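Read the structure below first, then the notes.
The values are calculated or read from the model by the stated rules, or taken from the named source; none is laboratory data. Since we're looking at a predicted model, the values are computed, not measured. Here the Cβ positions follow ideal geometry from the backbone for every residue, glycine too, while neighbour counts run over all protein chains shown.
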Amino acid sequence: MPGELDGKRILILATHGFEQSELEVPRDRLREAGATVDIVAPEPGEIRGWDKKDWGRPVKVDKTLGAVRAEDYDAIVLPGGQINPDLLRVNKDALELIRAFYRAGKVVAAVCHAPWLLVETGIARGRRMTSYHSMKTDVANAGAQWEDAPVVADQGIITSRNPGDLEAFCAKIVEEVREGRHHRAAA
């Protein structure tokens, strides 16, 4: 995996309450593969994770949401946790950034509860997806075909169920970023 993503830039979009491992594992694996990875949040400074049953460690924010553009990156990764995507799905700028990645045919990867963001943006409609099991009905009601699998990829839209799927999730992100742009209808 080292060097597979040399020259690639990946944005991880999160805010307070992200599931600790769902931000840190992709960040670390993608950097190990050679990508430049920026942690982007609506607010500057640090965002604090949720680690299983309590607040986790803070993570440094590299750039704020208002300072980034989809055209400067190859992929966007959306960590889960219950709090993080729930806060982001009511943030118009966050939703528009995700849509911009989608419209440009770039990789959009969401794990655990982060598929809520794909539901909110309209990206879920017509897609094969997975998510945390409690979201199966939400995903299906948004017009997606829900699958119980560690990772599901549909034209550059990558989804996974939970922290136990992170290695498969990260490997699929590397594969899809290496493939390049995906042609699909705009959300």
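Brief remarks follow.
- Failed item in (1) within 27 Å of Ala33 (Cα to Cα); (2) over 13 Å from the mean Cα position of the chain (by Cα), with Lys172 passing the rest: (2)
- From the options Ile123, Ile98, Ile173, residue that is in contact (Cβ under 8 Å) with a residue 24 or more places away in the chain, closer than 20 Å to Val68 by Cβ, touching a Ser or Thr at 6+ places or on another chain (Cβ under 8 Å) and of a type in the set (Val, Ile, Thr): Ile98
- Flag for Ser160 being in contact with a Cys (Cβ under 8 Å, 6 or more places away or on another chain) and modelled with pLDDT of 95 or more: yes
- Of residues in the stretch 134-151 being of a type in the set (Gly, Ala, Ser) and farther than 15 Å from Pro163 by Cα, the one surrounded by the most Cβ atoms within 10 Å (Cβ to Cβ): Ala144
- Evaluation of Thr159 against (1) surrounded by fewer than 23 Cβ atoms within 10 Å (Cβ to Cβ); (2) outside any loop (DSSP other than H, G, I, E, B); (3) in contact with a helix residue (DSSP H, G or I) (Cβ under 9 Å, 6 or more places away or on another chain) (one fails), failing number: (1)
- The numbered conditions (1) on the phi > 0 side of the Ramachandran plot; (2) free of Cβ contacts under 8 Å to residues at least 60 places away in the same chain; (3) within 12 Å of the chain's Cα centre (by Cα) are all true for Gly143 except (3).
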